[in-house]
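Colleague: Let me give you the structure first, and then I'll get to my questions.
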Amino acid sequence: MPGVKRERADAVGVLTLDEPATLNAMTPDLLGDLAIAIGEMTDDPQVRALVLTGAGRGFCSGQNLKAAQILGDDIVAGVMRYYWPTFKALRECRVPIVMAVNGVAAGGGFSLAMAGDMIVAARSASFIQVFSRIALVPDLGSTWLLPRLVGRQRALELMLSNEPLSAELAKEWGLVREVFDDAGLLDGALALAHKLANGPTRALVATRRLLDESEHATYAEQFRREIETQAEIRTSADAVEGRKAFLEKRAARFSGR
């Protein structure tokens, strides 16, 4: 059945959008299954990082227009009901998420790629906003995420021109962390995810949360919020191990707790 494939590679969960006939175009069913898959994977305390990729020739080609009627006449209510829970699950996931973009990430698929923590891409991958081509505005978080990743001017250029952004240029602009030959994409994504999985999970996710919060805070507010978070996690098992390893001049062995 189409949906999201679930696999495990030790401490890394691998989720694959599996509707290749449509280049993994978004439907309420597909994104609903993705939200469920994220929950299932992260319910296992042994899973300490996730990889999200797409089956076939594309990562995600955006909204499946044939399924748009499922959202109903009230588009705002429909999107918030069917799509927001998945994007919220990605942004608030208890473990780091690596997005492995194979092929095109278009429209909402571009938004989906940005909702993770780090993006790696196949050499053949491309990113395109596409919205203004059909007289619409960017959605699913693009206007919040993209300027924060590449800057306002470059974000506006991509949104107004509809020109595709290659994987190599996306790396140059800071959107993509690393570009791999197509055949090596998943291995590269897994290597990064395993590195994150061996890290102090609570501290990594708290860092993501602080960065998101900082967009709406003053310097003084964020200064205090950082110390409040520090106070919350400084007694965690990983924080204790980190300080001990530093004093003993050895590599820390984090457990994710």
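Colleague: Taking Lys88, is it in contact with a helix residue (DSSP H, G or I) (Cβ under 9 Å, 6 or more places away or on another chain) and more than 19 Å from Arg208 (Cα to Cα)?
Modeller: no
Colleague: Looking at Leu169, Leu204, Leu190, which is the one that is closer than 18 Å to Pro96 by Cβ and open to solvent by 40 Å² or more (accessible area, probe 1.4 Å)?
Modeller: Result of the check over Leu169, Leu204, Leu190: Leu204.
Colleague: It is to be established whether one or more residues within the stretch 51-58 are touching a residue at least 60 places away in the same chain (Cβ under 8 Å), open to solvent by less than 30 Å² (accessible area, probe 1.4 Å) and on the phi > 0 side of the Ramachandran plot.
Modeller: no
Colleague: Then there's this: Can you name every one of the strands (runs of 3 or more DSSP E) wholly within the stretch 95-164 that holds 1 or more residues which are under 26 Å from Glu40 (Cβ atoms)?
Modeller: The qualifying strands (runs of 3 or more DSSP E) are 97-101, 104-106, 118-122.
Colleague: State yes or no: is Val79 open to solvent by 10 Å² or more (accessible area, probe 1.4 Å), within 30 Å of Ala206 (Cβ to Cβ), among the aliphatic types (A, V, I, L, M) and part of a strand (DSSP E or B)?
Modeller: no
Colleague: Still on this structure, I have one more. Within the stretch 238-251, work out how many residues are part of a helix (DSSP H, G or I) and open to solvent by 40 Å² or more (accessible area, probe 1.4 Å). Reasoning before the result, please.
Modeller: First pass over the stretch 238-251, keeping only residues part of a helix (DSSP H, G or I): 238-247.
Adding the requirement that they be open to solvent by 40 Å² or more (accessible area, probe 1.4 Å) leaves 240, 243-244, 246-247.
Qualifying residue count, the stretch 238-251: 5.
Colleague: Further question: Name the residue that is farthest from the chain's Cα centre (by Cα), counting only residues in the stretch 128-143 that are in contact (Cβ under 8 Å) with a residue 24 or more places away in the chain and either within 27 Å of Val14 (Cα to Cα) or surrounded by fewer than 13 Cβ atoms within 10 Å (Cβ to Cβ) (or both).
Modeller: Initially, the stretch 128-143 is screened for residues in contact (Cβ under 8 Å) with a residue 24 or more places away in the chain, giving 128-133, 138-142.
Of the ones still in play, those that are also either within 27 Å of Val14 (Cα to Cα) or surrounded by fewer than 13 Cβ atoms within 10 Å (Cβ to Cβ) (or both) are 128-129, 133, 139-142.
Numbers: Ile128: 17, Gln129: 17, Arg133: 25, Asp139: 16, Leu140: 13, Gly141: 12, Ser142: 12 Å.
Going through the qualifying residues, I end up with Arg133.
Colleague: So if I check each of Val51, Val47, which one is β-branched (Val, Ile, Thr), in a loop (DSSP other than H, G, I, E, B) and either more than 21 Å from Gln129 (Cβ to Cβ) or modelled with pLDDT under 95 (or both)?
Modeller: Checking each option against the conditions leaves just Val47.
Colleague: So the check is Cβ under 7 Å with 6+ separation or different chains; which pairs have a first residue in the stretch 226-254 that's closer than 18 Å to Ala197 by Cα and a second one that's among the basic types (Lys, Arg)?
Modeller: Ile233/Arg202; Ser236/Arg202; Ser236/Arg257; Ala237/Arg257; Asp238/Arg202; Asp238/Arg257; Glu241/Arg253
The values are calculated or read from the model by the stated rules, or taken from the named source; none is laboratory data. Computed from a predicted structure; not experimentally measured. Backbone-built Cβ (ideal geometry, glycine too); neighbour counts: all protein chains shown. Keep in mind that these areas ignore ligands, DNA and RNA; they rest on the heavy atoms of the full protein, side chains included. Shrake-Rupley method; radii C 1.70, N 1.55, O 1.52, S 1.80 Å.
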